[in-house]
Amino acid sequence: MFFDDVPEPIAYEGPESDNPLAFRWYDADRVVGDRTMAEHLRMAACYWHSFNWPGSDVFGVGTFDRPWLDPGRDPMEAAREKMAAAFEFFGKLGVPHYAFHDYDMAPEGANLAEGSANLDALAEDAAAHMAETGVDLLWGTANLFSHPRYAAGAATNPDPEVFAHAAAQVKQAMDVTHRLGGANYVLWGGREGYETMLNTDLGRELDQMARFLHLVVEHKHAIGFEGALLLEPKPQEPTKHQYDHDTATVAGFLHRHGLQDEFKVNIEGNHATLAGHDFVHEVATAVEAGIFGSIDANTGDDRLGWDTDQFPGSVETMSLVTYHILKGGGFTTGGYMFDTKLRRQSLARVDLFHAHVGAMDTLAKSLLVAHAMLDDGVLEEVVADRYAGWSGQLGSAIHGGEHTLASLHDLVVDGDLRPAAVSGRQEELEGVVHRYIERLA
């Protein structure tokens, strides 16, 4: 047992509880509308930051108590110890799903054949742990950014041999994800971008990335994988510019290359911050574009220009995000995955529970707020009223193609149209959201 400080699974005790190892809002079986909380939120914990990251940063070495990362250990023995700790954590936390990179789970080995054999063996162990705990796989992915071969990208690399290696690595990660019953497969373009335009053929690299994604689609259908393929937008870091800058950029790329029916997006809160967007903007954009898939539930720091991967704690932010997810029909294959890191000074093993319990309660409370607002129609009524003119005679005629620029000019001049200024009511609506939050306080 790695987490001896948490002898029992985390339980729901209600809003009045002061127990830091109990849920105050997340009641997995509570029915909200037509689904339980667990079904609405589909929460997942990540394998990498929680169990494969030592707590290092660019200024210092690791600070965390992760014995399987100690040098000199037998790689497979250490990987199995890490997996046992991970599934102990998933089970005690009560999170229904998890997610992994290939080489979080298994040692990379000296070459792809060795790495593939390691991954196959650890996948067998994972299947046993999943059967024992009831924790399912939300998604799998391949790490195409850490190894030096990927310094100039994977699919977008100037060397076709690197492209081939990345393709082979994704093939094996997709196969394992499929074998473990994963609901999605994610491609994050960790280094699919450029540092300088001085040595970059932009068009060639974009075409390479499109070809790579078409190969992924072909393999998905070849193996009968029925889950969703997801791309994860991010504007920069580690590269100066990444090609999947934000949701709108990804949508345009998919349409340009005939991939719009094959891929959706996995949106991360911290990446939205780096792109200069509100989290809710990215989600609403994806829903409207028909490419919403899943969420990396984290947050960043507006004063820091890198990916801090903090646990979500703002009910207001997550209520608006959840509102648009519910408005779009809710999650299907996706869910809220905690792509999150402890702070480097959070050294106790139990801190990993404290962080996730708080984040899960944030999402649960946000679900209640979002569902109540949607059920009451308080925002939809205002939006419908604001755009009501487009359902009238003039708006319908414009959309119906009955007007030209010239006819609209004549209409304004001859009819002496004088649009009346109408309040956007922003402050009032912000107050509405706050009142829904306060009702649950």
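The values are calculated or read from the model by the stated rules, or taken from the named source; none is laboratory data. These numbers come from a predicted model, not from an experiment. Glycine also receives a Cβ, built like all others from the backbone with ideal geometry; neighbour counts cover every protein chain displayed. In case anyone asks, the SASA skips ligands and DNA or RNA and just uses the protein heavy atoms, side chains included. Shrake-Rupley method; radii C 1.70, N 1.55, O 1.52, S 1.80 Å.
Compute the label zone of ASP159 within segment 109-149: residues whose backbone N is under 12 Å from the point 7 Å along Cα-to-Cβ.
Under cut-off, by backbone N: 148-149.
Which one is right for this structure if volume of the Cα convex hull per residue in Å³ is calculated from it: (i) 181; (ii) 155; (iii) 257?
(i)
Would you mind counting up the charge near SER17? Only other residues with Cβ under 13 Å from its Cβ, with Lys and Arg at +1 and Asp and Glu at -1. Intermediate results must be reported in sequence, preceding the final value.
On the way: positive: ARG24; negative: GLU13, GLU16, ASP18, ASP27, ASP361.
Value of the local net charge: -4.
For TYR12, what residues show an amide H to amide H distance below 5 Å, using hydrogens built from the backbone and excluding near sequence neighbours?
Amide H neighbours of TYR12, under 5 Å, 5+ apart: PHE23.
Towards the positive end of the charge dipole of segment 322-441, with charges on Cβ (+1 Lys, Arg; -1 Asp, Glu), say which of THR362, THR340, LEU352 has the farthest Cα.
Checking the options against the dipole of segment 322-441, the answer is LEU352.
Under 5 Å between amide H atoms, partner at least 5 residues away or on a different chain: which partners does LEU230 have, H built in plane at 1.01 Å?
Those qualifying (amide H under 5 Å, at least 5 residues apart or on another chain) are TYR185, VAL186, LEU187, LYS264.
Roughly how big is the chain's charge dipole about its Cα centre, with Cβ charges of +1 (Lys, Arg) and -1 (Asp, Glu), in debye to the nearest 20?
Details: 32 positive and 68 negative charges, 61 e Å.
Around 300 debye, computed over the chain.
So with the 1.4 Å probe, I'd like the accessible area per residue for the chain, rounded to whole Å².
About 47 Å² of surface per residue is accessible.
Considering only C-alpha atoms, what is the centroid distance from segment 325-386 to segment 205-225, in Å?
Cα centroid to Cα centroid, the span is 32 Å.
Between GLU428 and GLU218, what is the label-point separation in nm under the 7 Å Cα-to-beta-carbon projection?
A separation of 5.8 nm, rounded to one decimal place.
Where in segment 129-145 does the label zone of GLU88 land, with the point 7 angstrom along Cα→C-beta and an amide N cut-off under 19 Å?
129-135
Which order do the peptides 413-423, 369-379, 215-225 come out in when sorted by mean C-beta neighbours inside 10 angstrom, highest first? Kindly include the intermediate steps, with their values, before the conclusion.
On the way: 413-423: 7.4, 369-379: 17.5, 215-225: 14.0.
Result, highest mean first: 369-379, 215-225, 413-423.
Projected onto the charge dipole of the chain (+1 at Lys/Arg Cβ, -1 at Asp/Glu Cβ, origin at the Cα centre), which of PRO9, THR404, PHE331 gives the Cα projection farthest towards the positive end?
THR404
Given Cβ point charges of +1 (Lys, Arg) and -1 (Asp, Glu) and nothing else, what value in debye, to the nearest 20, does the dipole of segment 199-302 about its Cα centre take? Don't skip to the answer; put the middle values down first.
Details: 7 positive and 18 negative charges, 73 e Å.
The calculation lands at about 360 debye.
Roughly how many percent of the accessible protein surface of the chain is carbon and sulfur, given a 1.4 Å probe and a whole-percent answer?
Numbers: 10760 of 20530 Å².
Result for the chain: 52 percent of the exposed heavy-atom area is carbon or sulfur.
Antiparallel versus total DSSP beta bridges in the chain: what percent is that, nearest 5?
Values: 6 of 33 bridges.
DSSP beta bridges in the chain are roughly 20 percent antiparallel.
Holding the Cα-Cα limit at 20 Å, pick out from LYS220/LYS341; LYS327/LYS365; LYS92/LYS327 the pairs that are longer than that.
Values: LYS220/LYS341 31 Å; LYS327/LYS365 17 Å; LYS92/LYS327 32 Å.
Beyond 20 Å: LYS220/LYS341; LYS92/LYS327.
Near the amide H of ALA45, under 5 Å away, which other amide H atoms are found, from residues 5 or more places off or on another chain, if H is placed in the peptide plane?
Here HIS97, TYR98, ALA99, PHE338 satisfy the definition.
Which value in nm describes the separation of the simple spin-label points at GLU114 and ARG343, placed 7 Å from the Cα toward the beta carbon?
In this crude label model, GLU114 to ARG343 measures out at 4.0 nm.
Could you give the Stokes-Einstein D for segment 1-127 in µm² per second, using the C-alpha Kirkwood radius, 4 °C, 1.567 mPa s? Kindly include the intermediate steps, with their values, before the conclusion.
Values: Rh = 16.7 Å.
The Stokes-Einstein estimate is 78 µm²/s.
Can you tell which of ALA78, ASN111, HIS97 lies farthest toward the positive end of the dipole of the chain, using +1 and -1 charges on the Cβ of basic and acidic side chains (Lys, Arg; Asp, Glu)?
ASN111
For the chain, what does -39500 (n - 2.57) per DSSP helix run (n ≥ 4), summed and divided by total residues, give at 222 nm, in deg cm²/dmol to the nearest 500?
For the chain, the value works out to -14500 deg cm²/dmol.
Could you list log10 I(q)/I(0) for segment 141-241 at q = 0.11, 0.12 Å⁻¹, which the Debye formula gives when each Cα is one point scatterer?
With no solvent term, the Cα-only Debye profile gives -0.32, -0.38.
What does the extension gain come out to for ALA127 and GLU438, with contour length at 0.36 nm per residue minus their alpha carbon separation? Intermediate results must be reported in sequence, preceding the final value.
Details: separation 311, 0.36 × 311 = 111.96 nm, distance 4.29 nm.
107.7 nm is the gain from fully extending ALA127 to GLU438.
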